[in-house]
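Engineer: One structure is given below, represented as structure tokens, and several questions about it will come after.
The values are calculated or read from the model by the stated rules, or taken from the named source; none is laboratory data. Computed from a predicted structure; not experimentally measured. Please note: Cβ atoms are built from the backbone with ideal geometry, for glycine as well, and neighbour counts cover all protein chains shown.
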Amino acid sequence: MFVFGSMPVFRRAMVGCVWLALVAAVQIAAIGQQPKEADSDLSVPAATLSSLRIQASESLRAGKLSLATAAADAMITDYGDDVQAIAAAGDIYLRSGKVQKSVRQFDRLVNRQPSQMPYLWQRGIALYFAGKYDEAADQFAKHRRVNPNDVENAAWHFLCIAKDQSPEKAKQMVLPAPGDGREPMNEVLAMLSSGDTQSVRARIDQVHRDSPGSRSAKEATFYGELYLGLYADAWGDLAEAKARMDAACRDTPPHYMGDVARVYAEHLRQSTVLP
């Protein structure tokens with residue numbers, strides 16, 4: 001969805017710069033932030049914020065979600081008033097599937113720095129998983145102001161409107177997202193309005209024919225399956241949504257949206273079809 005530096009997320013150059021600046025501030029500040037001398041041999045110095053971020057990142061890559069969550073907990077306990085810690089913890093909680101905790105931290109960040117609201121697409125995803133569809137849709141609508149070319153943002157907005165109102169209403173409210181060059185985003189955007197899922201599948205297949213075994217082919221499969229699953233979920237086809245999301249997770253890239261796909265797959269497994 002989105003790409004902040006090495007972290008694949010909603011594609012955005014400008015937004016990425018803003019968020020990287022936020023993260024960089026954490027890392028720079030942490031350089032000289034070594035634990036103070038212990039008052040006694042029994043004292044245990046707190047880990048630096050930088051080391052907690054590294055611990056969380058390594059734990060996420062290893063699939064050790066409880067350790068990642070523990071690192072986020074420590075960030076809030078030891079650095080709870082630091083907006084960098086709040087932002088990092090919100091990300092980690094989301095990627096670990098702790099969506100309620102994630103929403104709380106992103107809301108704290110917005111309360112402390114209201115100007116960050118448009119940039120927090122992550123908050124929109126957390127709100128969706130928390131069942132707060134109207135708030136999530138509003139977050140994605142705000143995000144478009146700073147990232148107008150992101151098809152992923154349009155897809156999540158579509159999903160939230162479909163859940164909050166209806167899929168038919170969502171079709172009428174598809175956010176424009178021109179110029180997203182990633183595969184198969186043009187077809188995904190068209191699908192939101194037309195319902196043409198076959199074009200998404202055909203484009204994935206074409207990328208594999210053009211570049212067999214390449215990273216671009218793997219990414220096309222991942223994002224294509226992810227948004228085919230999201231679209232099926234929006235229309236209430238839980239079986240198809242599960243199948244497509246599981247397909248996205250079979251060779252999930254080790255990045256932000258890969259973790260989101262795993263959270264989404266688990267969310268679908270826990271869902272039931274309403275009467």
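Engineer: From ASP237, ASP259, grab the single residue that is surrounded by 18 or more Cβ atoms within 10 Å (Cβ to Cβ), at pLDDT 95 or above and not hydroxyl-bearing (Ser, Thr, Tyr).
Structural biologist: ASP259
Engineer: So which residues in the range 60-79 are closer than 11 Å to ASP259 by Cβ and in contact (Cβ under 8 Å) with a residue 12 or more places away in the chain?
Structural biologist: Selection gives LEU60, ARG61, LEU65, ALA68.
Engineer: In a loop (DSSP other than H, G, I, E, B) and free of Cβ contacts under 8 Å to residues at least 60 places away in the same chain - does that describe any residue in the range 213-226?
Structural biologist: yes
Engineer: If the requirement is being crowded, with 24+ Cβ neighbours inside 10 Å, among the basic types (Lys, Arg) and touching a helix residue (DSSP H, G or I) at 6+ places or on another chain (Cβ under 6 Å), which of these qualifies: ARG108, ARG95?
Structural biologist: ARG95
Engineer: Hey, another quick one. Has the range 183-203 got at least one residue that is part of a loop (DSSP other than H, G, I, E, B), in contact with a Phe, Trp or Tyr (Cβ under 8 Å, 6 or more places away or on another chain) and of a type in the set (A, V, I, L, M)?
Structural biologist: No, the range 183-203 contains no residue that is part of a loop (DSSP other than H, G, I, E, B), in contact with a Phe, Trp or Tyr (Cβ under 8 Å, 6 or more places away or on another chain) and of a type in the set (A, V, I, L, M).
Engineer: Just the residues that are part of a loop (DSSP other than H, G, I, E, B) and crowded, with 24+ Cβ neighbours inside 10 Å, please, taken from the range 148-166.
Structural biologist: ASP150 - this is the single residue of the range 148-166 that is part of a loop (DSSP other than H, G, I, E, B) and crowded, with 24+ Cβ neighbours inside 10 Å.
Engineer: Counting only residues that are among the charged types (D, E, K, R) and assigned to a helix (DSSP H, G or I), which one in the range 76-96 is farthest from the chain's Cα centre (by Cα)?
Structural biologist: It comes out as ASP78.
Engineer: Which one of these does PRO8 not meet: (1) in a helix (DSSP H, G or I); (2) buried (at least 18 other Cβ atoms within 10 Å of the Cβ); (3) touching a Gly at 6+ places or on another chain (Cβ under 9 Å); (4) at pLDDT below 50?
Structural biologist: Failing condition for PRO8: (1).
Engineer: Further question on the same structure: Any idea which of (1) within 24 Å of ILE92 (Cβ to Cβ); (2) surrounded by fewer than 15 Cβ atoms within 10 Å (Cβ to Cβ); (3) among the aliphatic types (A, V, I, L, M) is the one LEU127 doesn't satisfy?
Structural biologist: Evaluating LEU127 over (1) within 24 Å of ILE92 (Cβ to Cβ); (2) surrounded by fewer than 15 Cβ atoms within 10 Å (Cβ to Cβ); (3) among the aliphatic types (A, V, I, L, M) leaves (2) as the failure.
Engineer: Go through (1) part of a loop (DSSP other than H, G, I, E, B); (2) over 18 Å from ASP134 (Cα atoms); (3) of a type in the set (A, V, I, L, M) one by one and return the number of the condition VAL174 breaks.
Structural biologist: (2)
Engineer: Being touching a Leu at 6+ places or on another chain (Cβ under 7 Å), outside any helix (DSSP H, G or I) and within 23 Å of TYR128 (Cα to Cα): is that true of ALA241 here?
Structural biologist: For ALA241, the condition - touching a Leu at 6+ places or on another chain (Cβ under 7 Å), outside any helix (DSSP H, G or I) and within 23 Å of TYR128 (Cα to Cα) - is not met.
Condition check ((1) at pLDDT 95 or above; (2) of a type in the set (Phe, Trp, Tyr); (3) closer than 28 Å to ARG182 by Cβ) across all residues:
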residue: ARG61; (1), (2), (3): no, no, yes
residue: LEU67; (1), (2), (3): yes, no, no
residue: TYR79; (1), (2), (3): yes, yes, no
residue: ALA85; (1), (2), (3): yes, no, no
residue: ALA88; (1), (2), (3): yes, no, yes
residue: ARG112; (1), (2), (3): yes, no, no
residue: TYR119; (1), (2), (3): yes, yes, yes
residue: GLY131; (1), (2), (3): yes, no, no
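Engineer: In the range 97-124, which residues are part of a loop (DSSP other than H, G, I, E, B) and within 24 Å of ASP150 (Cβ to Cβ)?
Structural biologist: GLY97, GLN113, LEU120
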